[in-house]
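Trainee: The following block contains the structure, expressed as structure tokens.
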Amino acid sequence: KAISSAPFITSFGTLPQTFSIVSVARQLVPSGSTATISINSTTGVVTASASTPADTYTVVVRVTDARGETEQATLTIRVNETITISGITTLTTTYSIETSTAFSATGGTTASTGGSGSLVLTMRSVARTTSPQGDTSTITFNPSTGVVSIPGNTPHDTYTIIIRATDSVGAYVEQTLV
């Protein structure tokens with residue numbers, strides 16, 4: 001998702017003031033594109049678009065007042081990898097035989113990428129197709145192992161299970177298992 005800074009606030013200078021980006025440097029891929037980092041010339045809001053590659057960016061912003069006087073400030077933007085969930089999307093079971101499958105997730109903002117905590121896996125929902133009001137309580141999810149278990153006594157139906165991975169800043173991705 002795209003993310004933007006707060007507006008730059010200036011205390012001095014003659015209005016109107018114009019904001020511009022002087023330079024953008026990438027840490028991990030110094031020769032990589034920085035075209036997805038932009039600034040609003042009126043407000044000074046810096047935006048990293050949703051397509052900005054994961055890296056740490058150092059952005060130098062300049063404000064120029066009506067008299068041509070300038071000041072600069074530097075900010076750092078860290079863009080983490082997109083959250084991904086690995087696991088199957090279709091599972092067929094046979095009545096009376098327990099079936100299970102495991103999910104795992106990577107990416108996002110966690111303690112290892114400058115945030116806090118870790119990715120959290122949850123089973124967001126379980127729904128039945130032919131009996132929407134039917135019991136789904138036999139299907140369980142272990143968030144520690146990422147395992148969805150479907151016991152042999154689960155009523156015959158088609159189930160849609162949604163697994164969600166959430167990082168420490170609330171960004172999430174979902175994968176559907178049918």
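The values are calculated or read from the model by the stated rules, or taken from the named source; none is laboratory data. These numbers were taken from a predicted model, which means no experiment stands behind them. Because the Cβ atoms are built from the backbone with ideal geometry, glycine has one as well, and the counts that use them run over all protein chains shown. Just so you know, the surface numbers come from the protein's heavy atoms only, side chains and all, with ligands and any DNA or RNA stripped out. Shrake-Rupley method; radii C 1.70, N 1.55, O 1.52, S 1.80 Å.
Trainee: Which option, (i) 50, 16, 12; (ii) 21, 18, 16; (iii) 37, 13, 13, is the value of semi-axes √(5λ) of the Cα gyration tensor in Å that was calculated from these coordinates?
Mentor: The value computed from this structure is option (i).
Trainee: Given a Förster distance of 22 angstrom, what is the FRET efficiency for Thr36 paired with Gln72, based on the Cβ-Cβ distance and rounded to 0.05? Don't jump to the answer; show the numbers that get you there.
Mentor: On the way: r = 21 Å, r/R0 = 0.97.
That pair, Thr36 with Gln72, gives E of 0.55.
Trainee: Sorted by accessible area (1.4 Å probe), largest first, how do Arg62, Arg26, Arg78 line up? Mind dumping the intermediate values first?
Mentor: On the way: Arg62 80, Arg26 30, Arg78 135 Å².
So the residues, ranked largest to smallest area, are Arg78, Arg62, Arg26.
Trainee: For the full complex of protein chains and a 1.4 angstrom probe, list Tyr172, Tyr159 by accessible area with the highest value first.
Mentor: Details: Tyr172 125, Tyr159 25 Å².
Largest accessible area first, the list is Tyr172, Tyr159.
Trainee: Just need the relative contact order of the chain here, percent rounded to a whole number, with Cα pairs under 8 Å and 6+ apart. Display every interim value, and only then the final one.
Mentor: Details: 379 pairs, mean separation 32.3, N = 178.
The normalised contact order for the chain reaches 18 percent.
Trainee: Turning to a different aspect of this structure: Please give the length that would be gained between Thr18 and Thr122 if that part of the chain were fully extended, namely 0.36 nm times their separation in residues minus their C-alpha to C-alpha distance (nm, one decimal). Don't skip to the answer; put the middle values down first.
Mentor: Working: separation 104, 0.36 × 104 = 37.44 nm, distance 4.61 nm.
So the extension gain works out to 32.8 nm.
Trainee: Rounded to the nearest 10 Å², what accessible area does Thr154 show when all protein chains are kept and the probe is 1.4 Å?
Mentor: Its heavy atoms expose roughly 10 Å² to the probe.
Trainee: Need the full-extension length gain, Thr129 to Thr58, defined as separation in residues times 0.36 nm minus the C-alpha distance. One decimal, nm. Write out the running numbers ahead of the final one.
Mentor: Numbers: separation 71, 0.36 × 71 = 25.56 nm, distance 5.01 nm.
Full extension from Thr129 to Thr58 adds 20.6 nm.
Trainee: Here's a follow-up. Label Thr92 and Ser49 with points 7 Å out from Cα along Cα→Cβ: what is the distance between them in nm?
Mentor: Taking the two extended label points, one gets 4.3 nm.
Trainee: Stretch Thr160-Thr82 to full length: gain in nm at 0.36 nm per residue minus the Cα-Cα span? Mind dumping the intermediate values first?
Mentor: Values: separation 78, 0.36 × 78 = 28.08 nm, distance 2.40 nm.
Net length gain for the segment: 25.7 nm.
Trainee: Could I ask something else about it? So for region 111-170, considering every pair of alpha-carbon atoms, how many percent are separated by more than 20 Å? It would help to have the intermediate numbers written out before the result.
Mentor: Details: 672 of 1770 pairs.
In whole percent, the long-distance tail amounts to 38.
Trainee: Pick from Thr106, Thr82, Thr140 the residue whose mean-square fluctuation is largest in a GNM of the chain, springs joining Cα atoms under 10 Å.
Mentor: Taking springs between Cα atoms under 10 Å, the residue moving most is Thr140.
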